[in-house]
Amino acid sequence: QSMFKSKTLIGLGGFLLAVCLLPGVIIQIGNGSLTNQCLPVEPLVNYSYSQSIWTSSEIGCGGYISALAFQYIVTGNIFLPYTNDFSIYLGEVTRDRFHSITDWVPLDSLQLVFQGALQTEWFSSVLPGQGWLTLPLSTVYNYNGLGNLVIAVDENRQGNSNTGDDFY
């Protein structure tokens, strides 16, 4: 199983959009088109796992997180068959970065908020294509806004996608 872990997200550019429902507010974290970071998963490998940390100052407030959205580019027709078995965990920590490639946040300290197969209607464009993948969480996460948010994504499908498929 190939495993990937993000570096500290501060300074890496934007490739993730977190959607928080705070009385109807959507909060975008990050911007840009930085690719090849293996976040939230790496479609080119069998199995993929990542953790990322977003600081409370990047998010800007607390509230209920009911969905996460990631920008994607899909260039071929094999993306969904091989990259569609996701488990997503959220949690809060005081640290703002990972200090080494083995400095994971323990999975048992995070809350499982989504587990299942990706659905075509969650993609903002027809595949192949590019746009936003919005994952509705099966368990709404109550983010207090004080700690830094950890997002862990585990993709459990054997098989690889195309070299041009990526998230950013």
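The values are calculated or read from the model by the stated rules, or taken from the named source; none is laboratory data. Because the structure is a prediction, the values reported are computed rather than measured. A quick note on method: Cβ atoms are made from the backbone with ideal geometry, for glycine too, and the neighbour counts reach across all protein chains shown. The accessibility values were calculated without ligands, DNA or RNA, using every heavy atom of the protein model including side chains. Shrake-Rupley method; radii C 1.70, N 1.55, O 1.52, S 1.80 Å.
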Can you say whether Leu127 is open to solvent by 30 Å² or more (accessible area, probe 1.4 Å) and aliphatic (A, V, I, L, M), as far as the supplied structure shows? yes
Within the stretch 51-94, track down each residue that is assigned to a helix (DSSP H, G or I), closer than 25 Å to Pro106 by Cβ and not acidic (Asp, Glu). Ser56, Ser57, Ile59
Checking Leu90, Leu137, Leu149, Leu112 in turn, the sole residue that is open to solvent by 30 Å² or more (accessible area, probe 1.4 Å), at pLDDT 90 or above, in contact with a strand residue (DSSP E or B) (Cβ under 8 Å, 6 or more places away or on another chain) and not hydroxyl-bearing (Ser, Thr, Tyr) turns out to be Leu112
Touching a Pro at 6+ places or on another chain (Cβ under 8 Å) and either of a type in the set (A, V, I, L, M, F, W, C) or farther than 23 Å from Cys61 by Cα (or both) - does that describe any residue in the stretch 132-148? no
